[in-house]
Amino acid sequence: MNATVRYVAVVKSDCPTCRLAEPALAMLAAAVPLEVYRQDGGDFPTLRHVLRDDRALDVSYRHQIDIVPTLVRFEDGAEVNRVLGWDRAAWQTLTGLPELGAHLIAFQPGCGSLSTQPGIAERLALEHGAVALQARQVGVPPDADVHETMYEHGWSDGLPLIPPTDLRIARMLGGTSRSPDDIVGLIPPNLVECTVEKVAINAVMAGCRPEYLPLLLTTIEAALEPEFSLHGLLCTTWFSGPAVIVNGPVSRRIGINSGHNCLGQGTRANSTIGRALQLLIRNVGGGRPMEIDRSVFGHPGKVGFCFAEDESDPDWMPLHVARGFRAEDNAVTLFHADGVHGLRAHRARGAAELARSLAAGLVSVTHPKLYGWGGAILLISPDHFAIFKREGWDRGTIESALLDALRRPRQELAEGVGGIAEGAVGGGSDDLIDKFHAGTLLVMRAGGGGSLISAVIGGWPAMRRQDEVKPVTRLMRE
């Protein structure tokens, strides 16, 4: 019994290859059952008896058309094969018509289908149920200002938010292969279940692009590691909040700034990735200032704190490599960060002298007499790094010199010495105390050139409990 054969072609008017193939379509329509679906308007093609309207793109979506023209062969209602673009030999084989398009050129690639364009693809996925959003919708009256409504619901960090429409959420979810209902974890302090969809919603509100979503998901997973102690960080009276440090090719791919003004404004990825994490803590976990968040001062970075390490020097070991990953890996490090203060070291000309000068600035983290308490980040600027590199100092040499310069005799740091009641006994030998526990001083390259200055970001004093609270580095997955 012979199968019932029919053909479907999908075209659009502004595609040169579709117009090229029109004579072949006319010959095919005269020989076999054919339907030609046009994605747009216009006077093309002239095959009115077989022409069908697909301006809604439903047929294109159902048949997963990526390229036009596409010619599809069906037998007994099931697709058996298709050809993308114009390929004379392939069209002849598919149709069994050896003279089809014989007078046309042999090959010409097609154009992108309208159904795959950004925004349209997500709309179609929503309409056809391919993306099923589960989050509760909040209606906004027609005469209400949607931005003021979001403020009134308490979703904002004090800055305007992007309204999370279904289409924007669907577009954001396109940045990951993970299912919208995958559970990322329980967000403190209320330990509320957080799905990939909820992450996407807050990423939209923060202003993220879809390509940031895999990195943001990894950031959340790192923040939920027990040793990061996110719940405690939310409740502290100290200044600290999570800082997101990015290493690997992803930082260049999505444009995370590691150079001039990398800790400031002006770079979308830096500003929005850190902000999305804070919005999730607020909107999903319930971590709101003046409620569970009891920080006496806070700092501007608690709106969002994200930057990349400068990995442009091949002789420098990046942070994620120092913490056990490969240079080609994409990784996120979460640190319990205070605000930033600068270190001016304009007169140091040798590596050893510069290390001592930078160490003198690090002494003040938490308090000059509190040793073995908070951690710190030291961001070495390009001009300071040039001094170290000129003498062949690598990461290990710099870190060792800093730690050596920071050690103090135990008797100098005892409570009451110097008329200062503060004092702490940290790790080290019987006579000398280390300023930082192992793994809590993170040395990185960042910033722009032009001045002999570097930067210190202090850390949460809870790091003194070194077995319970520490920076976390996690490998990113797409």
For this session: Take the eigenvalues of the Cα gyration tensor for the stretch 77-210, scale each by 5, and report the square roots as semi-axes in whole Å, largest first.
Result: 46, 17, 13
Exercise. Using only helices, what value at 222 nm comes out for the chain when you add -39,500 (n - 2.57) per DSSP H run of length 4 or more and divide by the total residues, to the nearest 500 deg cm²/dmol?
Worked result: -8000 deg cm²/dmol
Seminar exercise, completed: Within the chain, excluding any trypsin sites (Lys or Arg not before Pro) found in a DSSP loop (not H, G, I, E or B) and having at most 13 other Cβ atoms within 10 Å, the longest uninterrupted segment runs 137-293
For this session: Go from 0 up to the bin containing the longest alpha carbon distance in the stretch 128-188, width 10 Å each, and give me the % of pairs per bin.
Result: 17, 41, 35, 7
Seminar exercise, completed: Checking every Cys Cβ in the chain against the others at 4.7 Å leaves as unpaired Cys194, Cys208, Cys235, Cys262, Cys306
For this session: Report, to the nearest 10°, how far helix 268-283 tilts away from the longest principal axis of the Cα atoms in the chain, using its own Cα long axis and a range of 0 to 90°.
Result: 80 degrees
Seminar exercise, completed: Shape descriptors of the stretch 176-320 over alpha-carbon atoms, Rg and Dmax in angstrom, are 15.0, 47
Exercise. Expressed in whole Å with the largest first, what are the equivalent ellipsoid semi-axes of the stretch 324-429 derived from the C-alpha gyration tensor as the square root of 5 times each eigenvalue?
Worked result: 27, 19, 14
Seminar exercise, completed: Averaged per residue, the 1.4 Å probe accessible area of the chain, protein heavy atoms only, in Å², is roughly 45 Å²
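Just to check, using Stokes-Einstein with a Kirkwood Rh over alpha carbon pairs, what's the diffusion coefficient of the chain at 10 °C and 1.306 mPa s in µm²/s?
Details: Rh = 26.2 Å.
Approximately 61 µm²/s, per Stokes-Einstein.
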Seminar exercise, completed: Of the accessible area of the stretch 182-270, computed with a 1.4 Å probe and all protein chains kept, carbon and sulfur make up a percent value of 53 percent
Seminar exercise, completed: Once normalised by the length of the chain, the mean sequence separation of its alpha carbon contacts under 8 Å that are 6 or more apart gives a contact order in percent of 13 percent
For this session: Just need the relative contact order of the stretch 199-325 here, percent rounded to a whole number, with Cα pairs under 8 Å and 6+ apart.
Result: 35 percent
Exercise. For the stretch 366-478, which whole percent of the accessible surface, found with a 1.4 angstrom probe, sits on carbon and sulfur atoms?
Worked result: 49 percent
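In the stretch 302-357, carbon and sulfur make up what percent of the accessible area (probe 1.4 Å)?
Summing carbon and sulfur atoms, their accessible area is 49 percent of the total for the stretch 302-357.
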Exercise. Using Cα pairs under 8 angstrom and six or more residues apart, how large is the relative contact order of the stretch 198-267, in percent?
Worked result: 19 percent
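The values are calculated or read from the model by the stated rules, or taken from the named source; none is laboratory data. Keep in mind that what you see is a predicted model, and the values were worked out from it rather than measured. No Cβ is skipped: glycine too gets one built from the backbone with ideal geometry, and neighbour counts run over all protein chains shown. The accessibility values were calculated without ligands, DNA or RNA, using every heavy atom of the protein model including side chains. Shrake-Rupley method; radii C 1.70, N 1.55, O 1.52, S 1.80 Å.
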